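Okay, structure first, notes after.
No lab work stands behind these numbers, since they all come straight from the coordinates. Computed from a predicted model, the values in this text were never measured in an experiment. FYI the Cβ positions are ideal-geometry reconstructions off the backbone, even for glycines, and counts take in every protein chain you see.
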């Protein structure tokens, strides 16, 4: 079968192989055999039908709340998928690393927020180099970062748009008081090389009322300084459930929802049918009656448990537990399984934290249902700066 995968104005010709089978399970088994034949295991596989449904769902939620959608590409790290999100209505993208933004800029994407303090990139010259090419929007929560940004903008000969990152309860990055916001805004206001672009939040799931109080106080103080807030950005896939609760919000940044993972299942933000990414892995050994070994270890499934017990959900054997890793092996506890996998069986694992899994592979094997379509390069993986 020959088909086309559409994203933005680009058409990528793809070659898929339709797999015979009289029932869905037979077709899924045939897909597994074709995956191991063409790619081996472990293999990271995404279902494009589910991906596109997830993209549409996030866009619809933002549209319904009257805010822009700015998806976070740290989950998929693919210009192809970023263009697909923009074609579905996204206003731009969010990156976590300057290196990710470089890859996206090379692919023609120009509306980019980098949602972290870029100290390394600002001081190495990489921020200035990319700022010369296109106007970026960066985040800061300290005077030190603002000073580094001003130097980079001066080197680029282009003023840099800056959002002040605010912490309203997550205890991550960000300033914690409205007065801290105003102090940083004053530094930006006085700088020839910095523009005040707005505010960036990642509110706690139950902290949107506190975030509103924080925002209202900041807005009053900025108004007294003669500053307008152009962008009020909120973030997080779990917070898609809270869209519309922050008066004044202009956009939302969600990443995981394009694929979903076991953390999103546990949070009630996704169903099994919403999980677009699986790690196909072979049962490599059955060393004991209730034990097994997968050929996917911490280098594939990641040791980031995300606060959950075990390291992934095996679709075919949901009572099995991946209870520990070596680098290349996943150790199975099968004591609760009425039926157990055998050596050579291929199983599909929903990882706990999908973003980390994607960052560890060079490509995603794309399927539609049980048809292999082609591979999508993970072009922005491994960007440390």
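Quick rundown of the values:
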quantity	calculated
Listed residues 94, 110, 300, most fluctuating in the chain (Gaussian network, C-alpha, under 10 Å)	110
Cα-derived Rg to Rh of segment 50-258, Kirkwood definition	0.95
Cβ crowding within 10 Å averaged over residues, with 323-331, 130-138 ranked highest first	130-138, 323-331
Residues of segment 326-367 with amide N under 19 Å of a point placed 7 Å along Cα→Cβ from residue 303	326-333, 351-361
Separation of the residue 189 and residue 343 label points, Cα + 7 Å toward Cβ, nm	7.3
Choice from 333, 180, 206 showing the highest fluctuation, given a GNM over the chain with Cα pairs closer than 10 Å	206
Difference of contour (0.36 nm per residue) and Cα-Cα distance, residue 228 to residue 266	9.8 nm
√(5λ) per eigenvalue of the Cα gyration tensor, segment 149-254, largest first, Å	25, 15, 12
Alpha-carbon centroid distance for the pair segment 189-247 / segment 340-376, whole angstrom	38
Mean residue ellipticity (222 nm) of the chain, computed from DSSP H runs ≥ 4 via -39,500 (n - 2.57), nearest 500	-9500 deg cm²/dmol
Protection proxy ranking, peptides 258-270, 185-197, 147-159, average beta carbon neighbours within 10 Å, highest first	258-270, 147-159, 185-197
Helix 24-38 vs. the chain, principal-axis angle (Cα, 0 to 90°, nearest 10)	80
